[in-house]
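> For reference, the structure I am asking about is given below.
The values are calculated or read from the model by the stated rules, or taken from the named source; none is laboratory data. Please read these numbers as outputs of a predicted model, since none were measured by experiment. Positions of Cβ are generated from backbone atoms using ideal geometry, with glycine treated the same way; all protein chains shown enter the neighbour counts. Side chains are part of the model used for accessible areas, which takes the heavy atoms of the whole protein and leaves out ligands, DNA and RNA. Shrake-Rupley method; radii C 1.70, N 1.55, O 1.52, S 1.80 Å.
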Amino acid sequence: VDVSRRARRWHSASIGNGLPYLAHSPGMPAGFPLGFTTRGGELVALDLSHPSLPNWVAVVLGRQGSGKTFVTQLFTLWTLYQGGRATIIDRAGHYRALIALRGGTYVALGKDPRPPTINAWDLRPGEDLRRKVDTLLALHEIMLTRPGQELDPRTEAALERAIKAVYEEHARRRAAGELPDQPHPLERDLIRHLEREARAGDVTAAEREIRRALLDTLQPYAGEGRYAPITDRPTTVDVETALL
C-alpha cells in the first residue's frame, strides 16, 4: 500500500525520548504522575502541554494486556480533573465503565435502529466555516472513495462549492423563518442541492456527470439509506459533555 503521501516525519528526539523513564526521569516539574523509574525510583511526571514538546501527540505502545488502555484512562481522568474535556473513539467499549463512574456520554454508532447521532453538519456559534468545510470534505472523501484513495480535483471542487451553497441556503431559510426545527443542515440538504445542479441547464455534460456520480454514491447516507441513521439525522448527543 502506498502511504508515502500520508506519512509523517518524526523528530529523532521524540523517538529517543519515547521511553526515557526506564532509566531516568525526563525532568518535567509537574504533570500526570506516570510512574517511577527503574533506577532510583524517581517519580516521573508527564506534561503534554510542556513547551519543550513539539506537539501534543502521544503514542502509547505495549503488548496486548500490558496496560495501554489503563494508562490512557488515567490520562483521561487527569484531563478531567484539570477541568478539560476528552473525546474517546474506542472500538471495544473499554471506556463504558469510566463513563459510568465519572459521568459522560456513551455513543454506540450503528448498534441499534435509532442510534445516538452526531450530525457532522452542526456549526456551533463562533465556529469557523472554512474549517467546517474542510472537515466535511475530508468526511465525504471517506464516504465517496475506497480506503487510501482521494477525490479527483474536479469532484472535490464541485463538492466544496456544494457544501458552501448548502450552508448559505440554510442560513437564508432560517432567517426567513422556514426552518424553525432544523438549526443545522443535514446530509439530505446536500443531496437536494446536487440534484438541482444536475438538472440545471447551465452546466456542461461533464459537470452534470460529476454531480450524478456524487448522487449515486451518497444515496446510502441520506433519507432511508443504509447509513442514514448515523449520517442524516439531527444531533441527539450532548457533545458539550466533559467526557464523550
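> If you count, for each residue, the other Cβ atoms within 10 Å and average over each peptide, how do 130-139, 52-61 line up from highest to lowest? Don't skip to the end; give the middle numbers.
On the way: 130-139: 14.1, 52-61: 10.0.
Sorting 130-139, 52-61 by mean packing, highest first, produces 130-139, 52-61.
> Can you give me the C-alpha center-to-center distance between the range 24-76 and the range 142-169, rounded to a whole angstrom?
Answer, in whole Å: 40.
> Compute the accessible area per residue over the chain, keeping the other protein chains in place, probe 1.4 Å, unit Å².
69 Å²
> Starting from the Cα of E127, step 7 Å along the direction of its Cβ; do the same at K68; then give the gap between the two resulting points in nm.
Once both label points are built, they end up 3.0 nm from each other.
> Evaluated at 37 °C with a viscosity of 0.692 mPa s, what Stokes-Einstein diffusion coefficient in µm²/s does the range 66-166 have when Rh comes from the Kirkwood expression over alpha-carbon pairs? Walk me through the numbers on the way to the answer.
Numbers: Rh = 16.8 Å.
Rounded to a whole number, D works out at 195 µm²/s.
> Please list L34, L218 in order of solvent-accessible area, largest first, computed with a 1.4 Å probe with all protein chains present. Mind showing how you got there, number by number?
On the way: L34 60, L218 0 Å².
From most exposed to least exposed: L34, L218.
> Okay, moving on. What spacing in nm lies between the two simple spin-label points modelled at V59 and V239, each 7 Å away from Cα in the Cβ direction?
Placing both labels 7 Å along Cα→Cβ, they lie 3.0 nm apart.
> Among rounded, prolate and oblate, which fits the range 140-244 when a ≥ b ≥ c are the square roots of the eigenvalues of its C-alpha gyration tensor, a/c under 1.5 means rounded, and a/b larger than b/c means prolate?
The shape class here is oblate.
> Taking N as the number of residues in the range 116-163, what is its Cα Rg relative to 2.2 N^0.38 Å?
1.24
> On a full-extension model of 0.36 nm per residue, what is the gain between H94 and D181, subtracting their alpha-carbon distance, rounded to one decimal in nm?
27.8 nm
> Dipole magnitude of the chain about its Cα centre, charges +1 at Lys/Arg Cβ and -1 at Asp/Glu Cβ only, in debye to the nearest 20? Before the final figure, lay out each step's value.
Working: 33 positive and 30 negative charges, 116 e Å.
Here the size comes out at about 560 debye.
> Compute the longest continuous run of the chain that contains no exposed GluC sites (Glu not before Pro); treat a site as exposed when its DSSP state is not H, G, I, E or B and it has at most 12 other Cβ atoms within 10 Å.
Between the exposed loop sites, the longest stretch runs 1-126.
> Give the shape of the range 182-222 as rounded, prolate or oblate, defined through the alpha-carbon gyration tensor: a ≥ b ≥ c are the square roots of its eigenvalues, a/c under 1.5 means rounded, and otherwise the shape is prolate if a/b is larger than b/c and oblate if not.
oblate
> Which angle between 0 and 90 degrees, to the nearest 10, do you get for helix 153-175 versus the longest principal axis of the chain when only C-alpha atoms count?
Between helix and principal axis, roughly 80 degrees.
> Efficiency by 1/(1 + (r/R0)^6): what FRET value for R226 and H50, r their Cβ-Cβ distance, R0 = 45 Å, to the nearest 0.05?
For R226 and H50, the calculated efficiency is 0.50.
> When the helix-only estimate is applied to the chain (DSSP H runs of n ≥ 4, each -39,500 (n - 2.57), divided by the residue count), what is the mean residue ellipticity at 222 nm, nearest 500 deg cm²/dmol?
That comes out to -12000 deg cm²/dmol.
> Work out, step by step, the length gained on full extension between L139 and E207: first 0.36 nm times the residue separation, then minus their alpha carbon distance; give nm to one decimal.
22.3 nm
> Note down the nm distance, to one decimal, between modelled labels 7 Å out along Cα→Cβ at K164 and at L101.
For the pair K164/L101, the computed spacing is 4.9 nm.
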